[in-house]
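A.B. asks: Before I ask anything, let me first share the structure, which is written out below as structure tokens.
We did not get these values from a lab; they are worked out from the coordinates using the rules stated. These figures come from a predicted structure and were not determined experimentally. Cβ sites come from the backbone with ideal geometry, for glycine too, and all protein chains shown count toward neighbours.
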Amino acid sequence: MLKWRELYDECIQCHKCNLGDKRNNVVFGDGNPRSKIIFVGEAPGADEDRIGLPFVGRAGQLLTKGLTALNLVREDDYYICNICKCRPDNNRVPYEDEVEACLPYLRNQVALVKPKIIVCLGSTAMKHILGNDFRITRDRGKWIEKKGCYILATFHPAALFRDESKKVLFWQDLKSVKKKYDEIEKG
């Protein structure tokens, strides 16, 4: 397992797949690296690729607004990253070889953070963290415990712009994350 600086440096130099050749920035992760919560998305979008930080575009702003309403602040309460650290063309779903190239980086990040809660944002994150048997519409909002860690999948915030009916369910999921976080904090 690499330490933070080594892991970051390896990601910056990575060209294990074609995404590394087209990126503006590696979007490594952001937030509190010692937090109890880690949010995992799919891959950076255009704003993230330009700025170099995860979840800073429209979908990220929506997520941040919801988490802030629950008194969860990125710098203090959670760490956020993506499975793929580079942006796929036109925000497409990452190809399997792209995910496989980046998964060791994500596993290393999770091992360093040592979260008690992992929140999968969308079906791609859910599939690669929980497995192919899980479906976002069927299984979102359900807590799964693995190796002493609580895992919950919810919709990717970008999906809320395409289908506003998901907003209520997404909000319920965020409140469930906050409730679980509070339970863990109280010990």
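A quick yes/no check of all residues on (1) surrounded by fewer than 17 Cβ atoms within 10 Å (Cβ to Cβ); (2) touching an Asp or Glu at 6+ places or on another chain (Cβ under 8 Å); (3) within 25 Å of SER176 (Cβ to Cβ):
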| site | (1), (2), (3) |
| --- | --- |
| LYS3 | yes, no, no |
| GLU6 | yes, no, no |
| CYS11 | no, no, no |
| HIS15 | yes, yes, no |
| ASN24 | yes, yes, no |
| ASN32 | no, yes, yes |
| ILE38 | no, no, yes |
| GLU48 | no, no, no |
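A.B. asks: Filter the stretch 41-72 down to the residues that are of a type in the set (Val, Ile, Thr) and over 15 Å from the mean Cα position of the chain (by Cα), then identify the one that is farthest from LEU130 (Cα to Cα).
C.D. replies: Out of the qualifying residues, it is ILE51.
A.B. asks: Surrounded by 19 or more Cβ atoms within 10 Å (Cβ to Cβ) and in a helix (DSSP H, G or I): does that describe ALA43?
C.D. replies: no
A.B. asks: Tell me, which helices (runs of 4 or more DSSP H) lie completely within the stretch 113-187 with 3 or more residues that are of a type in the set (Phe, Trp, Tyr) and more than 14 Å from the chain's Cα centre (by Cα)?
C.D. replies: 166-186
A.B. asks: A follow-up question, please. Across the stretch 43-83, which residue is farthest from VAL113 (Cα to Cα) among those that are in contact with a strand residue (DSSP E or B) (Cβ under 8 Å, 6 or more places away or on another chain) and β-branched (Val, Ile, Thr)?
C.D. replies: The qualifying residue farthest from VAL113 (Cα to Cα) is ILE83.
A.B. asks: Name the residues in the stretch 62-85 that are assigned to a helix (DSSP H, G or I) and more than 18 Å from ASP173 (Cβ to Cβ), would you?
C.D. replies: GLU75, ASP76
A.B. asks: Ok, one more. When you check PRO94 against the structure, is it in contact (Cβ under 8 Å) with a residue 40 or more places away in the chain and part of a loop (DSSP other than H, G, I, E, B), yes or no?
C.D. replies: In short, yes.
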